[in-house]
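We did not get these values from a lab; they are worked out from the coordinates using the rules stated. Since we're looking at a predicted model, the values are computed, not measured. As a convention, Cβ positions derive from the backbone with ideal geometry for all residues, glycine included, and neighbour counts pool all protein chains shown.
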């Protein structure tokens, strides 16, 4: 104890634990009660800036930091609250219009070059092809299109070979109701989720000498990309919002 207060430096030497923290709180309350200041308040509390504007609260609600996650974001949004909202909306709008036009030009250029897929899809397939070279593929049933991909280099457990069941057929027709309904199916679920062949599907394609790009979902095709970015959703019309002239769809 130091003048009625608990010695904080001593608690640090003992090890800062939840018990020590609770003890400090109780000792501090006892000290304030002895001094008669436990009910003392700041006369200017109601006039402080943080009481009436979150711009000045420094990330604290009513001057007190709480454990609420949304309140903790106040410090991050402190500067953004001072920005002109209308100007931000206008700038965001024109940025989106520019972005759509740029994507449209890129898709048209890829289509003019005769490329079936965007460059992002090709780069991902190339990356998977390089890694798939170390995967061992076992053909379980070629008629049913069933394979097993054995991966010896999983990050989570490098000492264990992980096995993934893969269903893959070049000309798939769902005649057997027990077979998966998609052309490319893998136990890791990535092919079903994204529509892009996962690492294990790429390994099977390499083993069977199939073109892996044939198993990419058609929604990623260059033709569809041109349609998406040429929808005309951003046809410019003039309007006024709070005295600001801007374009809206």
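Points worth noting:
- Peptides 99-112, 201-214, 131-144 ranked from most to least packed by the mean count of surrounding Cβ atoms within 10 Å: 201-214, 99-112, 131-144.
- Likely footprinting exposure, 168, 123, fewest C-beta neighbours within 10 Å first: 123, 168
- Segment residue 211-residue 163, length gained on full extension (0.36 nm per residue, minus Cα span): 15.0 nm
- When the alpha-carbon atoms of the stretch 83-139 are used, the pair Rg, Dmax equals 19.6, 62 angstrom.
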